[in-house]
Amino acid sequence: MTEFKPTREEAFELLCQYNTSDSLVRHALAVEGVMRHFAANRGEDEQLWGIIGLVHDLDYEQFPEQHCQKSAEILREHNWPESYIRAVVCHGWGLCSDLKPKTDLEKVLYAVDELTGLVATCALVRPSKSVLDLTAKSVKKKWKDKRFASGVDRTIIDRGAEMLAMERTELITETIMGMRMVAKVIGLKGAL
């Protein structure tokens, strides 16, 4: 029997079945875009990486206290491959999961999840309200202000960068580039 491989459409449908919040769906689309960007840069499967990015917070709206664990249950109920489930659960390492990211895909997801939130917030306070003219330098200025996007755990981003052997600036730049690819759909095209 061949292993079930979900399509992007099936992943998006599942995401929308469990999430009605526009901000959570936009976050999922942002992470999908960034994951696809990283996959392309690394010669990996863009479809696979994007699908994982799309469903990484599948359970967050309905089951925030069981984040990652409930996603694993839901994905298993839908016969998703264990490698996909592991990747989704790993992004909560140290917070709501004991599963440490091991593969490149898992490490990238772990590193960029929080960072997409910081980048989006930085874009929204710009006059253009756009990620298209945002630079890593601007994000790094806001990084230092712990009150700015206070819900973003910067230690996770740094830990993820370290896992990937990337400098923070490079990680931020690549995340911005990935978000630019989906700027319109995530509401960050702004006035440009």
Query raised in the report: Here are PRO101, PRO64: which of them is on the phi < 0 side of the Ramachandran plot and without any contact (Cβ under 8 Å) to a residue 12 or more places away in the chain?
Result: PRO64
Requested in this report: Working only within the range 59-81, note down all residues that are hydrophobic (A, V, I, L, M, F, W, C) and touching a Ser or Thr at 6+ places or on another chain (Cβ under 7 Å).
Outcome: CYS68
Query raised in the report: What residue, of GLU170, GLU174, is at pLDDT 95 or above, over 14 Å from VAL31 (Cβ atoms) and part of a helix (DSSP H, G or I)?
Result: GLU170
Query raised in the report: Of these, PHE63, PHE38, which one is among the aromatic types (Phe, Trp, Tyr) and either within 22 Å of LEU188 (Cα to Cα) or touching a Cys at 6+ places or on another chain (Cβ under 6 Å) (or both)?
Result: PHE38
Query raised in the report: Say we look at the range 9-43 and pick out the residues that are surrounded by fewer than 17 Cβ atoms within 10 Å (Cβ to Cβ) and either of a type in the set (Asp, Glu) or touching a residue at least 40 places away in the same chain (Cβ under 8 Å) (or both); which of these is nearest to THR175 (Cα to Cα)?
Result: ASN41
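What helices (runs of 4 or more DSSP H) completely inside the range 82-143 contain at least 2 residues that are of a type in the set (Val, Ile, Thr)?
In the range 82-143, the matching helices (runs of 4 or more DSSP H) lie at 82-90, 104-124.
The values are calculated or read from the model by the stated rules, or taken from the named source; none is laboratory data. Treat the numbers as computed from the prediction; the structure is a model and nothing was measured. Note that we place each Cβ from the backbone using ideal geometry, even for glycine, and neighbour counts take in every protein chain shown.
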